[in-house]
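Below is one structure, written out as structure tokens, with a few remarks after it.
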Amino acid sequence: MNPHSTLTELLRQRIVVLDGAMGTMIQTHGLDEVDFRGALLTDHPHELKGCNDVLVLTQPALIESIHCSFLEAGADIIETNSFNAQAISLADYGLQHQVHAINVAAAEVARRAVATVARRAPQRPLFVAGSIGPTNRTASLSPDVNNPAHRAVTFDQLVAAYAEQVRGLLAGGVDLLQPETSIDTLNLKAALFAIEQVFAELGRRVPVLASLTVTDASGRTLAGQTLEAAWISIAHARPLAVGLNCALGALQMRPHVEALARVAHTHVACYPNAGLPNAFGGYDETPEQLAAVLGELAREGLLNLVGGCCGTRPEHIAAIAAAVADCPPRRVPTAPPHTQLAGLEALTVRPDSNLILIGERTNVTGSRRFARLIKQGQLDQAVAVARAQVEGGANVLDVNMDEALLDSEQAMTHFLNLIGAEPDVARIPVMIDSSKWSVLEAGLKCLQGKGIVNSISLKEGEQVFCEQARLIRRYGAAVVVMAFDEEGQATTTARRVAIARRAHTLLTQTVGFPEQDICFDPNVLTVGTGIEEHADYALSFFAATRQIKAELPNVKVSAGVSNVSFAFRGNEVLREAMHAAFLYHGRQAGLDLAIVNAGQLALYADLPAALREHVEDVLLNRRPDATERLIALAATLGARAPDAVRSESWRELPVEQRLAHAVVHGLVEQLAPDVAAALADCGSALAVIEGPLMDGMRTVGDLFGSGKMFLPQVVKSARVMKQAVAQLEPAMAAEQRARPARGRGRRPRSCSPRSRATCTTSARTSSAWCCSATATRSSTWA
């Protein structure tokens with residue numbers, strides 16, 4: 001019998017039943033210190049009472065009898081008594097040297113129980129799962145409130161501990177591995193990394209069931225991730241099942257199981273506690289109560305595996321097995337072909353998604369201020385830079401520590417740990433940016449979520465490229481591939497596309513990388529240098545992007561936008577105009593992600609006609625004297641910041657047009673007096689909202705839909721709209737109270753004559769408003 005194929009077939013036929021709480025059953029026997037020591041460890045120097053795992057050595061008959069009781073109650077899968085059987089946890093009892101022996105024994109005891117029950121029911125398929133707990137330390141949380149970057153355990157320490165445990169479980173004969181009760185997804189990623197490492201060592205695999213723990217009604221893990229984000233973070237490991245266990249009873253767990261079943265493209269397991277603990281730490285939910293809720297979930301098509309955790313005894317498992325016996329298993333959905341990333345929250349890039357913006361200011365090579373803050377140890381201010389990028393609308397945060405005077409590996413680790421403790425920053429995915437593989441790998445070991453590696457290339461040949469790609473995949477990240485190969489940097493369209501095509505074949509066919517996790521950067525190179533061969537660089541980038549997207553539609557294309565304007569460094573007005581035009585034309589060509597300063601994006605539609613023409617002449621190489629003309633124009637602009645050259649002529653417009661302008665451009669300086677003036681002019685708050693404010697939002701929707709405006713700018717518009725509506729709320733309340741006296745059928749007069757079309761909000765405006773509202777919603781977690 002092949003356990004993997006047998007289990008897979010069983011999951012196709014019916015809901016599979018897991019066992020109950022080993023710890024609960026051990027407690028019923030009232031074991032004392034002498035019992036825990038047994039005859040084997042009478043002289044052990046540490047107290048052992050409470051170390052349930054050691055009982056597979058000192059009381060194996062007892063553990064075997066508990067396994068048999070769950071199997072006889074109807075469990076198809078029993079878990080080994082090895083929840084804490086790794087060196088990190090066993091060190092509390094001085095048993096770290098016994099890890100291999102305990103895990104081998106735990107598996108062998110469970111196998112004997114299966115053999116005993118199978119003799120009475122030889123046709124019944126039964127399985128042993130190797131239980132792997134989360135350890136007593138977390139890799140994403142600091143135990144020191146005064147030092148948020150501190151970690152009590154490292155990723156490498158976790159991997160070493162888990163690998164030792166996995167080797168023992170496999171040597172003892174488990175049929176599958178079950179890392180469970182995961183309150184920190186980084187710990188779980190380390191377990192999955194170790195499992196894959198041992199599979200590679202041994203040349204064989206077994207199925208994996210990975211189970212998460214949600215601690216309260218927030219639907220987040222203790223380390224702050226939503227269930228969707230956590231699933232995205234571990235989906236690379238392709239577990240046979242993903243589940244929820246512990247912390248909650250079935251009733252409290254129900255909405256979270258529903259959420260997990262919606263997003264997971266694998267089997268779903270649920271094994272809750274027997275209710276919530278009582279005042280004495282016990283569990284009072286009866287088998288009938290627990291089974292009733294789980295039976296409902298099964299009938300709704302949400303479950304593939306079901307069992308019990310803390311407080312559940314054989315009678316609970318018997319009741320659960322009976323409750324789901326006639327329920328068909330949940331249908332496993334097909335994985336979406338979308339790029340999915342995660343911080344504490346999920347980010348899904350769909351075909352209709354707007355441009356994904358990657359905040360660039362947390363990069364020591366691109367921001368002199370950020371580099372100074374890092375080198376001087378002003379880390380609170382460095383974190384504030386990251387927060388500003390998120391508040392400015394960045395969907396992903398780029399972090400780069402490549403500076404000669406820094407220990408880049410240590411700086412990357414320290415900073416990622418710091419922002420990991422900031423929920424408002426950590427909610428978005430991270431792009432780990434470095435030219436050094438050691439720095440990239442140091443960063444990967446800090447990410448609880450699913451980030452992006454920027455970047456690898458074929459510069460050192462196919463072998464190194466594939467080795468790095470395999471590791472990136474094992475760490476669970478997406479990857480940016482630069483247009484470099486053994487011959488150097490690609491500068492022509494043909495070479496850019498050829499390298500992308502070659503890398504795609506290696507990644508998908510040799511490494512097994514999913515297309516949607518591959519992002520090509522065809523190289524944004526500097527234009528306007530006066531060197532003739534540079535003149536087509538931007539145009540070639542756009543052409544290569546179109547061709548890559550046409551040939552490989554599931555991959556993504558990214559760009560480090562600021563490189564294009566490097567020849568004009570110091571002239572921020574001109575550079576931001578070049579970036580705005582580059583983003584517009586890049587988006588039309590199929591650009592998916594752009595590394596930018598998220599808080600300072602110029603609006604393409606607002607560029608003065610002459611400036612836009614000169615910039616686009618250079619970007620699109622439309623005339624031989626384009627660079628000379630742009631240099632001449634740059635001299636008239638000077639190096640002033642955009643705010644200094646912003647035209648104030650809009651202040652001379654009628655108040656209704658001023659309000660619409662403020663909404664479109666995200667301007668709040670004169671908002672309060674303009675709202676008050678508009679209210680006086682229009683006669684009602686509703687007329688102000690339906691009139692000039694919605695005029696502005698309609699324009700925002702049109703610009704957003706046409707690719708001339710991006711999410712950070714929409715966010716600013718939404719904030720202006722929200723502030724204006726808040727100012728109008730007292731007037732709206734007063735109008736509501738006065739309405740019965742006036743008559744309900746009367747409409748407020750409009751601010752000025754307008755067409756009937758202005759009373760209808762376009763779908764595009766609604767889309768932009770919803771998108772901005774989502775982007776500005778703050779994230780909280782318990």
(message) Below 14 angstrom from the Cβ of residue 153, what's the summed charge of the other residues (Lys, Arg +1; Asp, Glu -1)?
(response) 0
(request) First obtain the Kirkwood hydrodynamic radius of region 1-133 from its Cα pairs, then insert it into the Stokes-Einstein equation at 10 °C and 1.306 mPa s, and state the resulting D in µm² per second as a whole number. (result) 103
(message) Ignoring solvent entirely, what values of log10 I(q)/I(0) come out of the Debye formula for region 382-443 at 0.12, 0.16, 0.21 Å⁻¹ when each Cα is a single scatterer?
(response) -0.27, -0.47, -0.79
(message) If you split all Cα-Cα distances of region 159-280 into 5 Å bins from zero, what percentages do you get per bin, shortest first?
(response) 2, 12, 22, 22, 18, 12, 9, 3, 1, 0
(request) Would you mind working out the accessible area per residue for the chain, using a 1.4 Å probe, and quoting it in Å²? (result) 40
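Over region 377-534, what portion of Cα pair distances is larger than 24 Å, expressed as a whole percent? Provide the component values of the computation, followed by the final result.
Numbers: 4947 of 12403 pairs.
Percentage above 24 Å: 40.
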(request) Go from 0 up to the bin containing the longest alpha carbon distance in region 476-593, width 5 Å each, and give me the % of pairs per bin. (result) 2, 12, 22, 23, 18, 12, 6, 3, 1, 0
(message) Can you tell me what percent of all Cα-Cα pairs in region 421-509 are more than 15 Å apart?
(response) 59
(message) Taking every DSSP beta bridge with both residues inside the chain, roughly what % is antiparallel (nearest 5)?
(response) 15
(message) When 1/r is averaged over all different Cα pairs and the result inverted, which Kirkwood radius in Å belongs to region 98-199?
(response) 14.9
(message) Normalised radius of gyration for region 185-254, please: alpha carbon Rg relative to 2.2 N^0.38 Å, two decimal places.
(response) 1.21
(message) For the chain, take every pair of Cα atoms, bin their distances at 20 Å starting from 0, and report each bin as a whole percent.
(response) 15, 41, 30, 13, 1
(message) For a quick size check, give me the Cα extents of region 562-696 along its three principal axes, largest first, whole Å.
(response) 56, 34, 24
(message) Under 18 Å between alpha carbons: how many lysine pairs meet that in the chain, if sequence neighbours fewer than 8 apart on the same chain are excluded?
(response) 6
(message) Let me spell out the model: positive unit charges on the Cβ of Lys and Arg, negative unit charges on the Cβ of Asp and Glu, origin at the Cα centre of the chain. What dipole size does that give, in debye rounded to 20?
(response) 2320
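Given +1 on the Cβ of Lys and Arg, -1 on the Cβ of Asp and Glu, and no further charges, what dipole in debye does region 323-404 carry about its Cα centre, rounded to the nearest 20? Display every interim value, and only then the final one.
Values: 9 positive and 9 negative charges, 26 e Å.
Taking the Cα centre of region 323-404 as origin, the dipole is about 120 debye.
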(message) Rounded to two decimals, what is the ratio between the C-alpha radius of gyration of region 408-457 and 2.2 N^0.38 Å?
(response) 1.06
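The values are calculated or read from the model by the stated rules, or taken from the named source; none is laboratory data. For clarity, every value in this text was computed on a predicted model and none was experimentally measured. Virtual Cβ from ideal backbone geometry, glycine too; neighbours counted across all protein chains shown. Calculation scope for accessible area: heavy atoms of the full protein, side chains included, ligands and nucleic acids excluded. Shrake-Rupley method; radii C 1.70, N 1.55, O 1.52, S 1.80 Å.
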